[in-house]
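Data block below; observations after.
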Protein chains: 2
Amino acid sequence: MADWLTADEQRAWRRTAAVFTLLPAALDAQLQRDAGLTQFSYLVLAMLSETPGRTMPMSELASMVSSSLSRLSHVVSRLEKQGWVARGPCADNGRVTMARLTDAGWDKVVATAPGHAAEVRRLVIDAVGPDHIADLDEIAGAILRRVDPGGRMRANPLSQGC
Amino acid sequence: MADWLTADEQRAWRRTAAVFTLLPAALDAQLQRDAGLTQFSYLVLAMLSETPGRTMPMSELASMVSSSLSRLSHVVSRLEKQGWVARGPCADNGRVTMARLTDAGWDKVVATAPGHAAEVRRLVIDAVGPDHIADLDEIAGAILRRVDPGGRMRANPLSQGC
DNA sequence: CGTGCACAGTTGAAGCATCAAGTGTAGCGT
DNA sequence: ACGCTACACTTGATGCTTCAACTGTGCACG
């Protein structure tokens, strides 16, 4: 095929695209092997574990993990069957349902986090090296601004009430 | 949860992880909408389109698109049903099967490539800016070396015979 | 009030990915 | 020539993701 990108651009994109297939697979493999979790389901547990009260409305959780509500609902159903998350209504507002990390879920996160963090460090942080973490952050931020102009992906929860 | 990464590292990784969920989704959305293709199936067609003779052994194709042979086999089955790829035996070697891009498949790539390349440019290349393409390339390369130590992901095909 | 509409969430079906198991061919040693 | 292992796939089942359709709640407007 003809080049719609310059040679340099194409080379960088090819490599980047390869990373986009191989890195998630590698991280998923580690989590699956050691914890029986998907990267995504781990992220859900981790987000809940960091919020005060370990409780959050489904829709807020969905925006924090950048997923559709539908996907989150399916995943939380599975996590609920495992006993790691519990769902309940919200007193202040009849149409939100709250997801809460159970004690067993907390234990699961505590047991899983070190191994996962180590893998992230090994494959990403140490790979790019301390001098280039800032570059990575900047590049990721630049792409995010294009991909997610609405600027969801807030860093810290802002739930109140309930 | 406690931090297993420093604050800077964690911030960079969070953003990077967000890109890893949103960018593939955005690219898939464009391809699905405009061409009814997955990013992955497009990549398969594109790789075939660039190889001399538009023909390649399945296993070589698999390594070029960083996938398992199983995944590729399923995808090529679907592409074959659409009439974009044809499979056939290899004269020189009874256990390889060759995948060939049909004329219809070539037309499909030609019709699809510009829109896809434009989206890659818009969301990635232009986002990081010309001054940082080299950084992106370097970072992707560094991560690839960890994730794929075997060093597959060759840039150009090396098929001969058949 | 009550009608309409938007929001929050769930559910079922369909598609794609992954895993384990299977087929058939090459090449090697004896 | 025989079996043996390794390779190059293919296939079927299972699980996760996506999509469209549905339920039920809050809110605004007449």
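The set of residues in the range A:85-110 that are open to solvent by 20 Å² or more (accessible area, probe 1.4 Å) and either within 14 Å of chain B (Cβ to nearest Cβ) or in a helix (DSSP H, G or I) (or both) comprises A:103, A:104, A:106, A:107, A:108, A:110.
Here the condition is being among the charged types (D, E, K, R), within 23 Å of residue A:19 (Cβ to Cβ) and open to solvent by 10 Å² or more (accessible area, probe 1.4 Å); of B:28, B:34, it holds for B:28 alone.
In the range A:89-113, the residues that are among the small types (Gly, Ala, Ser) reach residues that are open to solvent by 60 Å² or more (accessible area, probe 1.4 Å) with C-beta atoms within less than 7 angstrom, at least six apart or across chains, in these pairs: A:91/A:162; A:99/A:87; A:113/B:4.
None of A:49, A:66, A:70 is within 12 Å of residue A:105 (Cα to Cα), out of contact with any His (no Cβ under 6 Å at 6 or more places or on another chain) and within 14 Å of another protein chain (Cβ to nearest Cβ) except A:49.
What number of residues within the range A:122-144 are open to solvent by 70 Å² or more (accessible area, probe 1.4 Å) and within 7 Å of chain B (Cβ to nearest Cβ)?
Of the range A:122-144, the ones open to solvent by 70 Å² or more (accessible area, probe 1.4 Å) are A:122, A:126, A:130-131, A:138.
Checking which are within 7 Å of chain B (Cβ to nearest Cβ) leaves us with A:122.
Residues flagged as open to solvent by 70 Å² or more (accessible area, probe 1.4 Å) and within 7 Å of chain B (Cβ to nearest Cβ) within the range A:122-144 amount to 1.
Is it true that residue B:25 is within 9 Å of another protein chain (Cβ to nearest Cβ), in a helix (DSSP H, G or I) and either farther than 23 Å from residue B:112 by Cα or among the charged types (D, E, K, R) (or both)? No, not satisfied. Annotation: of all residues in the range A:48-57 being part of a helix (DSSP H, G or I) and open to solvent by 20 Å² or more (accessible area, probe 1.4 Å), the one that is farthest from DNA strand D (Cβ to nearest atom) is A:52. Among residues of the range A:23-40 that are in contact (Cβ under 8 Å) with a residue 60 or more places away in the chain, those with a beta-carbon under 8 Å from a residue that is aromatic (Phe, Trp, Tyr) at least six positions away or on a different chain give the pairs A:23/B:20; A:31/A:42; A:35/A:42. Taking the condition over 19 Å from residue B:32 (Cα atoms) and without any contact (Cβ under 8 Å) to a residue 24 or more places away in the chain, does residue B:145 pass? So residue B:145 fits the description; yes.
Output yes when any residue across the range B:62-81 is of a type outside the set (Lys, Arg), part of a helix (DSSP H, G or I) and away from DNA strand C (no atom under 16 Å from the Cβ), and no when none is. So far as the range B:62-81 goes, no, none of its residues is of a type outside the set (Lys, Arg), part of a helix (DSSP H, G or I) and away from DNA strand C (no atom under 16 Å from the Cβ).
Scanning the range A:74-84 for residues that are away from chain B (no Cβ under 14 Å) and either open to solvent by less than 20 Å² (accessible area, probe 1.4 Å) or within 8 Å of DNA strand D (Cβ to nearest atom) (or both) gives A:74, A:76, A:78, A:79.
Would you pick out the residues in the range B:111-121 that are facing chain A (nearest Cβ under 7 Å) and within 20 Å of residue B:19 (Cα to Cα)?
Initially, the range B:111-121 is screened for residues facing chain A (nearest Cβ under 7 Å), giving B:113-114, B:117, B:120-121.
Once the filter is applied, which keeps residues that are facing chain A (nearest Cβ under 7 Å) and within 20 Å of residue B:19 (Cα to Cα), the range B:111-121 yields B:117, B:120, B:121.
The values are calculated or read from the model by the stated rules, or taken from the named source; none is laboratory data. In this text the structure is predicted, and so the values were computed from the model without any measurement. Glycine gets a Cβ as well: all are built from the backbone with ideal geometry, and neighbour counts include every protein chain shown. The accessibility values were calculated without ligands, DNA or RNA, using every heavy atom of the protein model including side chains. Shrake-Rupley method; radii C 1.70, N 1.55, O 1.52, S 1.80 Å.
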